[in-house]
Every structure is written in C-alpha cells, then in structure tokens.
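Quick notes on the structure that follows.
The values are calculated or read from the model by the stated rules, or taken from the named source; none is laboratory data. Everything numeric in this text was worked out from a predicted model, so none of it was measured. Note that we place each Cβ from the backbone using ideal geometry, even for glycine, and neighbour counts take in every protein chain shown. Side chains are part of the model used for accessible areas, which takes the heavy atoms of the whole protein and leaves out ligands, DNA and RNA. Shrake-Rupley method; radii C 1.70, N 1.55, O 1.52, S 1.80 Å.
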Amino acid sequence: MIAPSKKASGSRKAKRRPRSRRPRKTAVARLLRYAAEAGFYVFALAIAAAAILLHFLSDLPNTDGLWRTAAVPRVAIIAADGSPIAIHGQNLGLPIRLADLPTYAPQAVLAVEDRNFYHHVGFNPLAVARAIFVNSRQGAIVQGGSTLTQQLAKNLFLSPDRTMRRKVQELLLAFWLERQFTKDEILTLYLNRVYFGAGAYGIDAASRRYFGKPSSGLTLAEAAVLAGLLKAPSHLAPDKNPLDAGERGRLVLDAMMEAGFISASTAEKAAAKPVKVSPSQFSGAPYSVDYAIAEARAYSQAIDADIVVKTSLDPTVNKAADLGLIAGAARAGLDPSIEAAIVILNGEGSVLALIGGRDYRLSQFNRASAAKRQPGSAFKTFVYLAALENGASPFDRIEDAPVTVGNWSPANYKNQYFGDVSYEVAFARSLNGATVRVQEEFGRSAVRLAARRMGLQAALSAGPALALGVDAVTPLELAAAYVPFVNGGYRVLPHAIQSIETVDGEPVFRRGQTLLGVAASPRSISGLNQMLRSVVVSGTGHAAALAQYDAFGKTGTTQANRDAWFVGHAGGLVCAVWLGRDDNKPMGNITGGTAPAVIWREVMVRVLDVRPPQFSSPLLAPVVAPVTERQG
C-alpha cells in the first residue's frame, strides 16, 4: 500500500477556502430596529386616532350661549307677588346659585347621580366598569355609568340617541366642560337645566311645580324626592305617583347617608316627615303668561341675554277669575261650545288677570288680547260720554221711537219703545232708537273723538251704525277704554310688563307714567258712572249686581246674538267679559244681560274677596224702577 506523499497532502490543505464571518448583531442595533418599527405603528395609530377624533369633532354642537336655555335667551316672567311664571309650556324657575340652596339639595342629587363628581375629570372608568358588570348580570341596561358632567353635556348639546358616535361626543364635551368650568359651576349649570318632569326644567322650577315654593325653602325630604325624580321624571312625579316617588325618595336618603352627607338619624327623621305636594304656582294662567311673553318680546327684541321680566299679573286674581268663569258658566247653563274671554285691569291699566278661552289645552288662541269682535251696545257708553262732554246731563230727555237715518232703520230689542225718557233710562235700558238720536244730535265725530280719548284704537265707522258698536275691538282694548271711569278720567295703555332687566341686573325696560292724558272731564266721568250704575241697579245688567259693592257696567249684544258682553267696574277694578263662538255663529238667546252679566258677577265676587278695594263705597238706593225686558 502506497502512502500519500506529504507534498500532495499539504497542497490539498492549501486549496481549502476559509469560512466567511457574518457580522454580529448588537443589542443597540436591535433596539433601533424595534424602535423604528414601533414608531411607525405609533405614528399610524396617531394619524388614525386624529382622523377618528376629527370625525367626531366635525359635527359637535356650538357651545356658544351655554348659559342660556336653547338657542334663545331665557326669559323669567315674574308675577306681581314675586313668583316666577311658566313659559311656553316649560316651567323655568329663577336662575339659582349653589349658595341659594340648602346644602342637602345638591348633595341629594350627587348621592344618586354622581357621588364622585368632585373627584373625576368628567369620566369615571370605575363607574362604567361597574355598570357593564351589573348590566351583563341582569341581561338588560339597569345602571348607567355616565358622570353628571356627561349628563349635562348630553342634555345641553346632544340628542338622546343611543349611538357610539353620540357617546364619544358626549365624552369629548364632558372633558371640555371640565376644562372650561369649575366643579361648582358645572353643578350649578346642571341644577338649572336638568329636567324634573311636568315641564319643569331646573330645581327651582321643580320646587315651585311640585311644592309651591322656591328651591331655597326645600326641606331635606323634598330635596330627596326631587333628586329621585331624575331617574324617571314622568313615572316618579310626586303628584301623579306619590307611592313610588316616596319610595325613591327614601332610597335617595339612604344614598346620602352612605355617601356621608347626612347621618342615619337625620335620614330617619326626614323619611318620617310627610311631603306635601302643592299646586303649581300660576299653572292656571296660561293665557296671562302668553300675553306677558308677547309684550316682553316687543320690549326686548335687541337683547341677547337672559332676562327677568316683572309683571303686574296677580296669581290670586287670575285664579279667582278662573273659578268665577266656571261658576258663572255653570249657573248660566252655558253651552261648552261657546268660548269666553275675561280681562281684569286696575286704575293704571295694569293687567291683573287675563283669560283667553275656556280650556287652554283645547285652544291656545288668546281671545282676550287677539280676538276682534263687535262690542254692540257696550259701545253706547262712548255715545253718551260724548253728549255729556258737550254739556248734556244724565237727566236730559230724548225720544225713544223708531228712527231712520238715510236708508238705515235700527230697531229696539223686541221692537219695544218707551217714548220720552231720560238719557239715564235710555242708557240703562239700552234703547237703540234713543241712542241713535243722541249720536245724531251731538255728531258722530264727537262720538269717535270721545272713544279715541278713552283709548279705543280700532278704526271707527263714519256711518250712523257707529252708535251700536259695529266696529270690532278686543276685550283687552275695550276694558282699557273703561279704565278712566275708575281713575278719575285718565286714558291708559293696557300693559302687563312693569320692568325688564338682565339676570345681572342691567336695566332693559322700565315703565314710566301709565296715565297718558285726560280722557274726559270729572263732570262727565261722574255722570257716566251714575248711568253705568243704573244699568246694574235697574237696567239690562241687573244680573251683575254685587251684594257688598257698587257695580257699574254696560251690557252688549251684537246682531243675531253672535257676541255678548258685560264690561264694568267695581272696587276700583275694571272687568270685561265676552262670550261668543269662534266661527261667529249665533248663540241663541244669550245676550249681554244674561250669561256675561252672571259670569261678571261671579268673577268680581271672588276677585274682590282676594283683593279688597282700598276705599269704601257705600251702597246707594236704586234710582229707577227695575226693567223686566232686557237687551244688550
């Protein structure tokens, strides 16, 4: 066997290629690579998050006017006694501060709505997790995780839709609110805006709606009931469902105790005390409210701020008028299809009460201030006033007989004529023939001038029918034209607004002089008042007589009994009552001396009971014999 030579062996070793060495990856290189990859993903996520954020921000609502209700300035209407009034179906109480409330009132809300309100930034992840856990176990949504700030954001800016988009926007707005305002400011805004049911927005409105008092006077038990309402305002309303409202109020007291707001003994005492539900303040005067709002808008059109409007409206007078209308309509057997309007003014022309219909729920048309109807014989007052202003006397004589002026021949009621009568008797019996003769003797221009000076603004006819009240007026306008008979002869502008100012106290409007000028001489006013009294004592309006006070007034009935009136005064207050149908159809046998006079009496008896006159007016003996046949 031949062994290989060393030379050959060495040559093979020399021909082998050396192994190539790969560079080792250092830890720094790997970190840089991972950082680059992570940076890319973070950047991509940031871009995506920004895009999503912009998507939700693209249609966020405008937060301008945050402290106002809806898109228009908030208007708080204040009655003569200082109580706030319902506005547009929403009971908006006065704007309140936390300092205005007893400490337990906001605590009751926090105990059940957001116990950790002062410790989160608008979002509470623990509450959300708890809600998810509870809801998953129950298989239904029984608990929410929204903070009070989120609820406020939803109520102020967003729709109630349960969508992911709305929830994200709610969260973004909650963060915005937390950055812009203090916790106390957010809580104040919440308490002024949250809905408590029955049209009541805000805790002050709710307090007045359910308990008839301002929120500053809430008891602990009442505050607990109101806080409990927030879960289900319609179902837990104390005036509709007192048992459930009471049980919910007790749960609120327990929550307040658990939160450390009150002691156990305090909770027990509050739970043992009965909560009395009271009628809503001014809830029975919607027509008065509508009139006041319309007048306030006319005086504050250029104001872009929340305003407080002080009015002359009197809740007790309005309630008395409401009851009088119901009682009078029942006594007169008034058909439900016949509408009514009532206006009550004082000697300055201030509106104390105004009823524009028999049922606001069925019709919101305000007949007292907007319905123009013929006054009929209630206009004769100005015919005889014109005569007295030109030197005549109530005891002057006039012939009551058929009369013709041109082609026009008006007739007396049931074609009855009384021959030679005094002005006072002709007026008391509402004799058409005698009245037309008085007008033609002193001139139609004198009659129109007298009516204008007393305050009638309606266009007045130039023809002879002027004397019988053929020119349409509103009940408010006609009532105002009778005010000079109680204030000594001064014309007034009927009004409900006394002053307007912003919530910060900036004056917007303040009413000045309410007596606009002399309407008639004291002699004429005195003489006409004597004649107005005769209408009630012995004429067509004897159904309006009052037992304790002198009553002065005039009946009015239009052709075919389409309108019936009684307008007069007693105790320094003017009251106008109108009856008619909205379609202007006849009312059968209703005249001014029947149902309107009865309603006027029932209204004034109640009004003068709650608002007695500041002067005495002794009863006078009748001056003419009663008349059995009446017209208006």
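Brief remarks follow.
- Scope region 534-568; condition crowded, with 24+ Cβ neighbours inside 10 Å and either of a type in the set (D, E, K, R) or in a strand (DSSP E or B) (or both); matching residues: 552, 553, 554, 555, 556, 557, 563, 564, 565, 566, 567, 568
- Within region 503-519, the set of residues being in a loop (DSSP other than H, G, I, E, B) and either of a type in the set (S, T, N, Q) or out of contact with any Pro (no Cβ under 6 Å at 6 or more places or on another chain) (or both) comprises 504, 505, 506, 511, 512, 513, 514.
- The number of residues in region 226-262 being open to solvent by 20 Å² or more (accessible area, probe 1.4 Å) and either over 17 Å from residue 112 (Cβ atoms) or not in a helix (DSSP H, G or I) (or both) comes to 15.
- Enumeration of residues in region 209-220 that are touching a Phe, Trp or Tyr at 6+ places or on another chain (Cβ under 9 Å), buried (at least 20 other Cβ atoms within 10 Å of the Cβ) and assigned to a helix (DSSP H, G or I): 209, 210, 220
- For first residues located in region 148-160 and under 18 Å from residue 108 (Cα atoms) and open to solvent by 30 Å² or more (accessible area, probe 1.4 Å), partners that are of a type in the set (Val, Ile, Thr) and modelled with pLDDT of 60 or more and lie 6+ apart or on another chain with Cβ distances below 9 Å form the pairs 151/194.
- For region 307-314, the criterion of being surrounded by fewer than 18 Cβ atoms within 10 Å (Cβ to Cβ) and not aliphatic (A, V, I, L, M) is met by no residue.
- Among the residues listed as 223, 267, 298, 206, the single one being surrounded by 20 or more Cβ atoms within 10 Å (Cβ to Cβ) and free of Cβ contacts under 8 Å to residues at least 24 places away in the same chain: 267
- Here residue 391 clears all of (1) open to solvent by 70 Å² or more (accessible area, probe 1.4 Å); (2) in a loop (DSSP other than H, G, I, E, B) except the condition numbered (1).
- Residues satisfying the stated conditions in region 542-565, i.e. of a type in the set (A, V, I, L, M, F, W, C) and within 15 Å of residue 473 (Cβ to Cβ): 564, 565
- Filter result for residue 360 (farther than 25 Å from residue 531 by Cβ, part of a loop (DSSP other than H, G, I, E, B) and either open to solvent by 70 Å² or more (accessible area, probe 1.4 Å) or not charged (D, E, K, R) (or both)): yes
- Answer residue from region 489-533, given it is small (Gly, Ala, Ser) and within 30 Å of residue 421 (Cβ to Cβ) and is surrounded by the most Cβ atoms within 10 Å (Cβ to Cβ) among those: 519
- Only one of 609, 582 that is outside any loop (DSSP other than H, G, I, E, B) and acidic (Asp, Glu): 609
- Considering the conditions (1) outside any loop (DSSP other than H, G, I, E, B); (2) open to solvent by 20 Å² or more (accessible area, probe 1.4 Å); (3) of a type in the set (Gly, Ala, Ser); (4) closer than 25 Å to residue 602 by Cα, residue 337 is excluded by exactly one of them, (1).
- The set of residues in region 288-321 being out of contact with any Leu (no Cβ under 8 Å at 6 or more places or on another chain) and assigned to a loop (DSSP other than H, G, I, E, B) consists of 300, 301, 302, 303, 304, 305, 306.
- The listed residue being more than 25 Å from residue 582 (Cα to Cα) and of a type in the set (Phe, Trp, Tyr), out of 490, 482: 490
- Helices (runs of 4 or more DSSP H) contained in region 403-469 and holding at least 1 residues open to solvent by 20 Å² or more (accessible area, probe 1.4 Å) and charged (D, E, K, R): 432-442, 444-454
- Of all residues in region 368-381, those being assigned to a helix (DSSP H, G or I) and either under 17 Å from the mean Cα position of the chain (by Cα) or surrounded by fewer than 24 Cβ atoms within 10 Å (Cβ to Cβ) (or both) number 3.
- Test: residue 173 is surrounded by 21 or more Cβ atoms within 10 Å (Cβ to Cβ), modelled with pLDDT of 85 or more and not basic (Lys, Arg): no
- Taking first residues from region 574-595 that are acidic (Asp, Glu) and partners that are surrounded by 24 or more Cβ atoms within 10 Å (Cβ to Cβ), the Cβ contacts under 9 Å between residues at least 6 apart in sequence or on separate chains come to 582/367.
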